[in-house]
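Below is one structure; the comments refer to it alone.
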Protein chains: 4
Amino acid sequence: MVASDLRERVYRANLALAATGLVHGTFGNVSGVDREAGLLVIKPSGVPYDELSPERMVPVSLDSGRVVDSPLRPSSDTPTHLELYRAFACGGIVHTHSESATALAQARLPVRCMGTTHADYFRGDVPVTRALGPDEVETDYERHTGLVIVETFRDLGVSADEVRAVLVANHGPFTWGEDEFDAIEHARVLELLARMDITGRLVAPDAPRPAGYLVDKHYLRKHGAQAYYGQHRT
Amino acid sequence: MVASDLRERVYRANLALAATGLVHGTFGNVSGVDREAGLLVIKPSGVPYDELSPERMVPVSLDSGRVVDSPLRPSSDTPTHLELYRAFACGGIVHTHSESATALAQARLPVRCMGTTHADYFRGDVPVTRALGPDEVETDYERHTGLVIVETFRDLGVSADEVRAVLVANHGPFTWGEDEFDAIEHARVLELLARMDITGRLVAPDAPRPAGYLVDKHYLRKHGAQAYYGQHRT
Amino acid sequence: MVASDLRERVYRANLALAATGLVHGTFGNVSGVDREAGLLVIKPSGVPYDELSPERMVPVSLDSGRVVDSPLRPSSDTPTHLELYRAFACGGIVHTHSESATALAQARLPVRCMGTTHADYFRGDVPVTRALGPDEVETDYERHTGLVIVETFRDLGVSADEVRAVLVANHGPFTWGEDEFDAIEHARVLELLARMDITGRLVAPDAPRPAGYLVDKHYLRKHGAQAYYGQHRT
Amino acid sequence: MVASDLRERVYRANLALAATGLVHGTFGNVSGVDREAGLLVIKPSGVPYDELSPERMVPVSLDSGRVVDSPLRPSSDTPTHLELYRAFACGGIVHTHSESATALAQARLPVRCMGTTHADYFRGDVPVTRALGPDEVETDYERHTGLVIVETFRDLGVSADEVRAVLVANHGPFTWGEDEFDAIEHARVLELLARMDITGRLVAPDAPRPAGYLVDKHYLRKHGAQAYYGQHRT
C-alpha cells in the first residue's frame, strides 16, 4: 500500500488531535508529508474520528493534487494543506476550529505575543489573514485559503519557520511543525495563548508589549543555535 | 404499545442530551415525531434523566395535543414542540438552558454568524424572539412560546430549514433537525457558537461580518445540491 | 450517639457538596437541622473532605450555640448557620466560595434575575449584603455575617422562602433549602446563574429585565399552589 | 545518593503539580530545599512529567548554584529558585504558566485582594514585578528574574511570609510555602483568585476593596497566633 508508514502516523495523529478536545464532531484534520515520495496523507472528508483507520487515510500527490491509491475523498481542506507544504518547510499540518483561536479569527485579530509562554513557541504575533474576495471563494476556495496564508507571511515579513501558526479570517487556525505531532502541539498551545490574549485584551487593552529582547531570549533559549533548555544542548 | 420504536429512539436521544453536559438537573428535553402516525413523543415532565425508560416516554397527538397511551404527564414544554412540528419540517426538537446560548437569550441578542464554523451549520444569524406579552404568558404560555418562534422566522424572513435554532427571549434555545440526534448536534454546536460570539462581542464588537458569499460557500458545500463535503456526493 | 441520623445525612451531603466541584480544598460546608431536637449538625472545621465520617460531624445546640457530644470543633462558620436557622424556615444550609458567585460578591453585585432559568429556582434577584463594620468583624464576626444576611432580606423586603440564596459582600454565597440536598442544588444552580449573569453584564449591561409576570409564571409553575411542573400535581 | 529523601519528595510534588492541570507540556516546576544540607532539589530541564523519577531530580548547591550528584541539567529556572531561597524563608517553590495568573502577569496587573477567599491565603494583593531591562535579560536572565521578585517585595513593603506568591511581568507566577505541597496549594488557589479578580475587573472595575480589618480577620483566623480555624488551636 502506498505510504503505509505515513498513513499509520497520520492516523495516530488524527486520533491524538481528537483527544485534545480542540475539535468538534468531524471538524479538524491533520496531514503529514513524505517529500521524497511527493505525497501528503490526510484524513478523509467528513468521516467521524472513531471510524478512521490507517487504510482510510488518503494519500495525495504534492505535485498534481490528485488522490493516490484510495477510494475515499480527502478532507475538503486538502488544497489548503497542499499550498502550505509547497510554500513552507514543515512535516505536518493541523487545522482546527478551536474555540478561542477561532473567536479571534472571527474578530480578525492576531494572537498577540504578550509574554514568555507565547515566545517559548512562536517568535512574535500569530497573524490573521485578510478576508478572501468573491472570486477567491467562488473558485478553488480551499486553494485560495492556502494562498492567502502564504501571502500574509510574505507581506508581513513573518518567518513561517519561527511562527508556525496562522488565523484565517472568519474561519480558524492552521498550525504546522516538524511533524504531525509537533503541529498538534502548536495547535494546543495556540488555543491556550488565544485564551490568555483574549483575557488581556479585556482587562488591559493598552498593556505594554514585552520587549523584543525578552521575546527573543525565550524563543532562542528553546529554538536557536544557542538553545539551553532541555537535556540535549547542541 | 403505541409508538414503541419512536419511544425507544426518543429515550436514547434524551440520554444522549444528558451526556452532552448541556442540561442541568431535569432541565431540557428532546422530542421526536412520527408524522404518519400523527404523534410526537417527548420526555415526561420533571423526571430525572437516570429514571427514564422507553416506556416512560410520552406520546402526544400532533392534532389534538392530548397524551396517548401513557399515565405520565409530558414535558411542560410540549405545547411549544407541537407548534414547531406544525410549522416547521423537522423530525426532532431539543430544548436546553445551555449556559452561553441562554446568556445571549437573556441579553436578547442573536447568535451572530461570524464565521465558517457557524455557516457550516446555520445559514445566517440564529435569531432571538421578542418578549411575550402578559396575555401570552398568562394563558397557554408554552403554546405562545412556540407561536412566537414561528412568528420570528416569518417576520425576519429566515428559513427554518436553513437556520434550525432559535433563542427565546429571557428563556433559552430551541433547536431542531432531521431527527432527534441531528437536533442534539445543533444544540451542541449552537452552544459553541454562542461562546465564540460572546467572545467576539467583547474583544471586537465592531468586527466586520463575513461576506455573504463566504457564508453561502460553507453552508452549501455541506448542505446544498452541490455539496462536496463528506464521502457521499450526490 | 446524639443525632446519628442527621450526622449520617449531613456527612453524605458534605461529600455530595465536594463532588459538585464548587469547593476548593477545605472551603465550604453543609449543615442540617433537627428542629425538634433543637440541634444543627455541621462539618468540623478545617478537616479535608476525604477524612470526614458521620461520627466526625458536629452537633451544635440551636439554643445555646454549644457543641453537643463531640470532641471536634465545628466549622468556623457555625454562628452564621445558627442565625440563619433562627430566622429562616429551612432544613439545610450550604456555604461555598464557588467561583462566579464569589466574584459577584466581591464586586458587590446581586445575581440579577434575567430569565426563566433563574425564575425556576428563585423569585427575583439574589441579593448582596452590605459590608460589615469594624465592630461587627472584630467581635462575633461569623454571627454578624448571619445577622447581616437576615437584615438584608428584611430591609429589601425579599422573602427567604422564595429566594433561598444570598451573596455576602466580599465573601461568598450561602444557600438554603428544604433539606441539605435541596440547599446543595441551590448552590449549584446559583453558580450557573452567576456565570450567565456575568456574561449578560458584559455583553449587554442595559438589556431589559424579564417582565415580572414571566418570572412569576416560571416560579409558580414549579413552586406555587398551582404548580404544574413534574409528575406530582397537587 | 545525595538528598534522596528530598529527591523523592520533590518528585512526588512535581507529579502532584502535573495533576493539578496548571501546567502545559513540560512547563512548570517544583523545587524543595534542605537548608541544613545547603541544597535545593529541582526538576530536570525539559523532561516530560511522565518520564520523571526520584533519581532524575537534580540537587543544586544553595551556595554555589552548581549541580551535585546528577548528570542531568536542572530546570532552566533554577537560578530564580536559588535567589528566592536565599531571600525568603520557605521550604518549597513552584513555577507555572497557569492561564489566568499568566494573563494578569501579561497585563502587568496584580491579583487584587478583593475578598475573604484571597485573605484566607494571602494578606493583601499578589504583586506584579517591573519588566526586566535589556542587560538583565541578556546576562543571567533567570537569576535576574529572582532578584526582581525580591526587589518587588522590598520596594512595596510586602512581607514574603504573608504573601507567598508573585506575578513576573510578561512571564507568569511563582509561589512558595512551608514545603513543596504548600507551594502547590498556593499555585492552585492563586489561579482561582486570578480568575475571580479578572471577572471582577470586568464587571465592576471600581468596586470598593474589602476593608483592611476584614482582610486581617480572615488571614489571622487561619494564620496568626490567635488562629481559630481548623482542629489544632495553638
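The values are calculated or read from the model by the stated rules, or taken from the named source; none is laboratory data. Note that the structure is a prediction, hence the values are computed from the model and not measured. No Cβ is skipped: glycine too gets one built from the backbone with ideal geometry, and neighbour counts run over all protein chains shown.
Has region D:101-121 got any residue that is of a type in the set (Gly, Ala, Ser), within 27 Å of A:Asp197 (Cα to Cα), more than 14 Å from chain A (Cβ to nearest Cβ) and in contact with a Gly (Cβ under 9 Å, 6 or more places away or on another chain)? Yes, there is a match, as at least one residue in region D:101-121 is of a type in the set (Gly, Ala, Ser), within 27 Å of A:Asp197 (Cα to Cα), more than 14 Å from chain A (Cβ to nearest Cβ) and in contact with a Gly (Cβ under 9 Å, 6 or more places away or on another chain).
Taking the numbered list (1) surrounded by fewer than 18 Cβ atoms within 10 Å (Cβ to Cβ); (2) within 19 Å of the chain's Cα centre (by Cα); (3) of a type in the set (Lys, Arg) in turn, A:Arg209 passes all entries but (2). One residue stands out in region D:120-165 among those that are more than 17 Å from D:Ala87 (Cβ to Cβ) and of a type in the set (Ser, Thr, Tyr): the one that is surrounded by the fewest Cβ atoms within 10 Å (Cβ to Cβ), namely D:Thr139.
From the list C:Thr117, C:Thr145, C:Thr139, which one is without any contact (Cβ under 8 Å) to a residue 60 or more places away in the chain and of a type outside the set (Phe, Trp, Tyr)?
Of the residues listed, the single one that is without any contact (Cβ under 8 Å) to a residue 60 or more places away in the chain and of a type outside the set (Phe, Trp, Tyr) is C:Thr139.
Taking residues in region C:82-108 that are of a type in the set (Val, Ile, Thr), and partners anywhere that are assigned to a loop (DSSP other than H, G, I, E, B) and at pLDDT 95 or above, the pairs with Cβ atoms closer than 7 Å and at least 6 places apart or on different chains are C:Thr102/D:Gly115. Looking only at residues in region D:61-75 that are surrounded by fewer than 19 Cβ atoms within 10 Å (Cβ to Cβ) and touching a residue at least 24 places away in the same chain (Cβ under 8 Å), the one that is farthest from D:Thr139 (Cα to Cα) is D:Asp69. Kindly indicate which of B:Ala165, B:Ala187 is within 21 Å of B:Ser100 (Cα to Cα), in contact (Cβ under 8 Å) with a residue 40 or more places away in the chain and within 14 Å of chain A (Cβ to nearest Cβ). Only one candidate passes the filter, namely B:Ala187. For region B:190-234, a residue qualifies if it is among the hydrophobic types (A, V, I, L, M, F, W, C), in contact (Cβ under 8 Å) with a residue 12 or more places away in the chain and facing chain A (nearest Cβ under 7 Å), and the qualifying residues are B:Leu192, B:Met196, B:Ala207, B:Leu214. Taking A:Val126 as the residue in question, decide whether it is without any contact (Cβ under 8 Å) to a residue 60 or more places away in the chain, within 27 Å of B:Lys217 (Cα to Cα) and not acidic (Asp, Glu). Taking the combined requirement at face value, the residue does not satisfy it.
One residue stands out in region D:1-23 among those that are surrounded by fewer than 19 Cβ atoms within 10 Å (Cβ to Cβ) and not hydrophobic (A, V, I, L, M, F, W, C): the one that is farthest from D:Val189 (Cα to Cα), namely D:Ser4. The set of residues from region C:76-99 being within 14 Å of chain D (Cβ to nearest Cβ) and either outside any loop (DSSP other than H, G, I, E, B) or on the phi > 0 side of the Ramachandran plot (or both) comprises C:Thr78, C:Pro79, C:Thr80, C:His95, C:Glu99.
With a cut-off of at least 2 residues that are over 25 Å from D:Asn170 (Cβ atoms) and either basic (Lys, Arg) or in contact with a strand residue (DSSP E or B) (Cβ under 6 Å, 6 or more places away or on another chain) (or both), name the helices (runs of 4 or more DSSP H) lying wholly within region A:100-210.
By residue number, A:141-156, A:180-203.
The number of residues in region D:24-50 being touching a strand residue (DSSP E or B) at 6+ places or on another chain (Cβ under 9 Å) and either in contact (Cβ under 8 Å) with a residue 40 or more places away in the chain or over 15 Å from D:Gly91 (Cα atoms) (or both) comes to 11. Selection of region A:139-189 for residues being aromatic (Phe, Trp, Tyr), closer than 23 Å to B:Thr117 by Cα and under 13 Å from the mean Cα position of the chain (by Cα) yields A:Phe174, A:Trp176. Got at least one residue in region A:214-233 being in contact with a Pro (Cβ under 7 Å, 6 or more places away or on another chain) and surrounded by fewer than 18 Cβ atoms within 10 Å (Cβ to Cβ)? Scanning region A:214-233 turns up at least one residue that is in contact with a Pro (Cβ under 7 Å, 6 or more places away or on another chain) and surrounded by fewer than 18 Cβ atoms within 10 Å (Cβ to Cβ).
Is it the case that region A:81-89 has a residue that's of a type in the set (Phe, Trp, Tyr), modelled with pLDDT of 95 or more and within 20 Å of the chain's Cα centre (by Cα)?
yes
Considering only region C:205-218, I want to know if a residue exists there that is under 23 Å from C:Gly91 (Cβ atoms), of a type outside the set (Lys, Arg) and at pLDDT 95 or above. There is no residue in region C:205-218 that is under 23 Å from C:Gly91 (Cβ atoms), of a type outside the set (Lys, Arg) and at pLDDT 95 or above. Residues that are within 20 Å of B:Tyr228 (Cα to Cα) and touching a strand residue (DSSP E or B) at 6+ places or on another chain (Cβ under 8 Å) within region A:70-92 comprise A:Ser70, A:Leu72, A:Arg73, A:Pro74, A:Ser75, A:Asp77, A:Thr78, A:Thr80, A:His81, A:Leu82, listed in sequence order. For region B:66-80, filtering for residues that are of a type outside the set (Val, Ile, Thr) and more than 19 Å from the chain's Cα centre (by Cα) leaves 6.
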